[in-house]
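The values are calculated or read from the model by the stated rules, or taken from the named source; none is laboratory data. Keep in mind that this is a model prediction, so the values were computed, not measured. Neighbour counts run over all protein chains shown; Cβ positions are idealised from the backbone, glycine included. Surface accessibility is based on the protein's heavy atoms, side chains included, excluding ligands, DNA and RNA. Shrake-Rupley method; radii C 1.70, N 1.55, O 1.52, S 1.80 Å.
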Amino acid sequence: MARVSQEHLDARRRQILDGAARCFSRNGFHATSMQDVLGEVGLSAGAVYRYFRSKEELIEAIAEETFTGIRAAFDEAARTTPPPLPDVLVARVLRGVFEQQSHDDDGQMFARLVVQVWTETLRNEVLGVFLEDSYSRLRLTWAGLADAYRENGMLAEDISGDDMARTLIAAAQGFITQHALFGGMKAEVLENGLSGLMSMRRPEAD
């Protein structure tokens, strides 16, 4: 029997993950059966179960891949020197993530998958731990941006780096959630909105 190459195994695993992700995006994790996944990828049960023994394993693999991809994109953006302003930075990250993940739509299916993954962490303890770790690392990375902004004379000394990190992450999460629910969101919308908010000034006291 001919030996199956690692490249072939990796491609088959990718095929299964992509097909399962499409099913989960359309119907949700718990309304999707393994039979749905088999039909989507066009493989036998034996072929799929060789890689994933259950739907739960598929969900965990997709969730971990989603967390890792988003965190990596934010980490890379945070290493830019000097760092762009937050409006540009957050929009750049989200634009890159959605361009990479959106193969045949405007990214709404991917956004729906991300929201479902977040929800699943409330039920799945393994995913909950993974999300908490990813979030903690992301906060540390983006809190470090505050130091870079201060070094470049762009930020006052008394501003909390952790507060900034939480706010930037919240902006990204809100963007993804809006796109999942309503569609039509573009990174430019977030960039322009943040730019407008950042341009506001407190009125001078009389």
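A few points about this structure:
- Estimated translational D of segment 87-206 in µm²/s (Stokes, Kirkwood radius over Cα pairs; 4 °C; 1.567 mPa s): 81 µm²/s
- Residue with peak Gaussian network fluctuation, the chain [Cα springs, cutoff 10 Å], from 126, 37, 93: 126
- Each stretch of four or more DSSP H residues adds -39500 (n - 2.57); spread over every residue of the chain, this sum gives -24000 deg cm²/dmol at 222 nm.
- Theoretical FRET efficiency, 1/(1+(r/R0)^6), r = Cβ-Cβ of residue 140 and residue 100, R0 22 Å, to 0.05: 0.40
- Distance histogram for the chain (every C-alpha pair counted, 10 angstrom bins, percent rounded to whole numbers): 8, 30, 31, 19, 9, 3, 1, 0, 0
- With all protein chains in place and a 1.4 Å probe, the accessible surface of the chain carries 52 percent carbon and sulfur.
- Ranking of 55, 186 by solvent-accessible surface, largest first: 186, 55 (1.4 Å probe, protein heavy atoms only, all chains present).
- For the set 95, 50, 202, 123, solvent exposure ranked by accessible area (probe 1.4 Å, protein chains only) runs largest to smallest as 202, 50, 123, 95.
- All C-alpha pair distances within segment 158-206, sorted into 5 Å bins from zero, spread as 5, 16, 19, 22, 16, 11, 6, 3, 1, 0 percent across the bins.
- Over the chain, relative contact order from alpha-carbon pairs under 8 Å, at least 6 apart, %: 23 percent
- Rounded accessible area of residue 109 (nearest 10 Å², 1.4 Å probe): 60 Å²
- Accessible area in square angstrom per residue, segment 1-159, 1.4 angstrom probe: 56 Å²
- When 179, 8, 30 are compared by accessible area of protein heavy atoms, the largest-first order is 30, 8, 179, using a 1.4 Å probe.
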